[in-house]
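These notes are about the structure you will find just below.
The values are calculated or read from the model by the stated rules, or taken from the named source; none is laboratory data. The model shown is predicted, which means the values in this text are computed figures rather than measured ones. Note that we place each Cβ from the backbone using ideal geometry, even for glycine, and neighbour counts take in every protein chain shown. These area figures cover heavy atoms from the full protein model, side chains too; ligands, DNA and RNA do not enter into them. Shrake-Rupley method; radii C 1.70, N 1.55, O 1.52, S 1.80 Å.
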Amino acid sequence: MEWLTDTKIPIGKLIARFVDFLNDHAAGFFDAISDSLGWLIDGSTDLLMAIPALVLIAIVTLVAWWLHRRWGLTLFTALSLLLIINLGLWDETVQTLVLVLYATLFCMLIGVPLGIYAAHHPRVNAALRPVLDLMQTIPTFVYLIPTLILFGLGVVPGLISTVVFALAAPVRLTALGISEVPRSLLEAGESFGCTHMQRLWRIELPHAMPTILAGLTQCIMLSLSMVVIAALVGADGLGKPVVRALNTVNIEKGFEAGLAIVIVAILLDRLCRQRQVT
């Protein structure tokens, strides 16, 4: 067995050298990305915080009613957000919400087109599968090391790590939804002279929309699961009180922050689901 350990394959060293190479030769590029994303997230957070909390709650409640027309969900939205204010975690909740929304937005902008392309190209789909498996199974703390080196402390490495971790869900489910479109529908579209783009927009995407929305909700849940981990590299939000509570063994603060994360997760999940028509 000694010969096997003596001839260790330098996988870790190669990756470390690659990250160091990027840090040495493309630092300006990564600094520009960090500054741009930081400005975008901080600006959005400041904008939402400039709105009085009760006014923002009223807006979200009206959106919940407009999307689903269900009194139960509407009442739950208002009461749960008022509870967050009562717990003194409103600012942290807004910061977390902005982080999750931007992470989800970037995941969907990348994942949906990539999933569509993979569904139409089986070889690409086969090549993506092990990459997506790696992105979902590698420990999330591992993402923080290179992103911290390349982007520095703050919300940006947390955002990038969250996107890498959550990206697999929309890619997989979009590819699944597109590939499950019945062949009869595709043949009907072809018989009426649909082009590839018309077939995509008029047949494939509408049929696959429930599966794509399932990928959206999974992406939101995965992004929220990274909130506490992102706090370890300086990201603001509900992860910070959880980390502080862990360091001080403060059960009260830890449970309250965890409850706020659960409330945000439930609200986003319910709001992003398709409206049930009765």
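Count Lys and Arg as plus one, Asp and Glu as minus one, and take only other residues whose Cβ is under 12 Å from that of LEU97; the net charge is then -3.
Which of rounded, prolate, oblate describes the stretch 67-175, given a ≥ b ≥ c as roots of the alpha-carbon gyration tensor eigenvalues and a/c under 1.5 marking rounded, otherwise prolate only if a/b is larger than b/c? Because a/c hits 1.5 or more and a/b fails to exceed b/c, the stretch 67-175 counts as oblate. Placing +1 on each Lys and Arg Cβ and -1 on each Asp and Glu Cβ, with no other charges, gives the stretch 97-239 a dipole about its Cα centre of roughly 160 debye. Note on the chain: with charges restricted to the Cβ of Lys and Arg (+1) and Asp and Glu (-1), its dipole about the Cα centre is near 820 debye. With the simple model of a label 7 Å out from the Cα in the direction of the Cβ, THR195 to VAL249 spans 6.8 nm.
How do SER184, SER161 rank by accessible surface area computed with a 1.4 Å probe, from largest to smallest?
From most exposed to least exposed: SER184, SER161.
Our analysis of the stretch 1-117 gives Rg over Rh at 1.21, with the two radii drawn from alpha carbon positions and Rh computed by the Kirkwood formula.
By its C-alpha gyration tensor, with a ≥ b ≥ c as the square roots of the eigenvalues, how is the chain shaped: rounded for a/c under 1.5, else prolate for a/b larger than b/c, else oblate? It is oblate, given that a/c is not under 1.5 and a/b is not larger than b/c. Multiplying the residue separation of LEU213 and THR140 by 0.36 nm and removing their Cα-Cα distance gives an extension gain of 23.9 nm.
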